[in-house]
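Report on one structure; see the data block that follows.
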Amino acid sequence: MERIGKINDREIFYISTKDNSEWLNSLPTDKWVVFTIADKENREILRESTVGILDKNVTYTCSAGELAGLTEQYFDEEIVWRGVQYEEKTGKEYDYEESPMTTMHQNFSEGFWFSAYCAFDGKKEINKIVCVDFTTRKVKKHLTELVGKINNGWLPNDEEIELAEYDN
């Protein structure tokens, strides 16, 4: 996991799942937002990856890329499944207020900006954003540029769809 900048009080980190087979082990375990980037060729690893990310006590999930909607759906399904398991095991109603919030963004820049400014938890501070890049073409350069632009007061456009700019 590599630090690529800071926005307000949030440290921004980047990790490519293609370059680091131990990526899941390097994720934080508290006070963090995950910003996932997944494209169609990454579909086969998404389900188990979303489970692993939730196991790391993520506070908020923001999903971008071609599979943003599917990624968010996987996060939501796993959260509900965990709630059902809790209720069956304890006989008590699961409090979904304790679960991570999830979003998906078809506008890549807006999704990253959202993770930096809007993703929050009323009960605990968030001080890290980890950009988990599942793509083979990678988006590290684009994310690094966005950190600089956001720190200089830039706001994302309001286009419904804006694709990621890939490194290669």
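R0 = 25 Å: FRET efficiency of Glu97 with Lys6, Cβ-based, nearest 0.05?
Details: r = 29 Å, r/R0 = 1.16.
Once rounded, the FRET efficiency stands at 0.30.
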Burial order of peptide ranges 57-63, 47-53 (average beta-carbon count within 10 Å, highest first): 57-63, 47-53
Interchain or long-range residues, amide H under 5 Å from Cys131's placed H: Phe13, Tyr14, Ile15, Phe35
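Give me the accessible area per residue for the chain, probe 1.4 Å, as a whole number in Å².
On the way: 8740 Å² over 168 residues.
Result: 52 Å² of accessible area for each residue.
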Relative contact order (%) - the range 64-168, alpha-carbon pairs under 8 angstrom, separation at least six: 33 percent
Among 74-87, 107-120, 145-158, the order from most to least packed when residues are scored by Cβ within 10 Å on average: 107-120, 74-87, 145-158
Answer label, with log10 I(q)/I(0) by the Debye sum over Cα atoms at q = 0.08, 0.10 Å⁻¹ calculated from the coordinates and candidates [x] -0.25, -0.39; [y] -0.22, -0.35; [z] -0.30, -0.45: [y]
For the range 40-112 versus the range 117-142, the gap between their alpha-carbon centres in whole angstrom: 14 Å
Two-site label geometry, Ser26 and Lys123: point separation in nm, points 7 Å out along Cα→Cβ: 3.0 nm
Lysine pair count for the range 1-140 [Cα-Cα under 17 Å; pairs on different chains or 8 or more apart]: 14
By average C-beta atoms within 10 angstrom, highest first, the peptides 7-14, 65-72, 92-99: 65-72, 7-14, 92-99
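How high is the FRET efficiency between Ile45 and Glu160 when r is their beta carbon distance and R₀ equals 35 Å, given to the nearest 0.05?
Once rounded, the FRET efficiency stands at 0.80.
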Neighbourhood charge, 12 Å Cβ-Cβ cut-off, centred on Leu70 and excluding it, Lys, Arg +1 and Asp, Glu -1: -3
Long-range amide H partners of Ser63 with built H, under 5 Å: Thr36, Thr103, Met104, His105
Label zone at Asp19, where the point sits 7 Å out along the Cα-to-Cβ direction: the range 114-150 residues whose backbone N lies under 11 Å: 133, 138-141
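The values are calculated or read from the model by the stated rules, or taken from the named source; none is laboratory data. Remember, it's a predicted structure, so these values are computed and weren't measured experimentally. Counting neighbours? That spans all protein chains shown, and the Cβs are built from the backbone with ideal geometry, glycine included. Please note that ligands, DNA and RNA were not included when accessible areas were found on the heavy atoms of the full protein model with its side chains. Shrake-Rupley method; radii C 1.70, N 1.55, O 1.52, S 1.80 Å.
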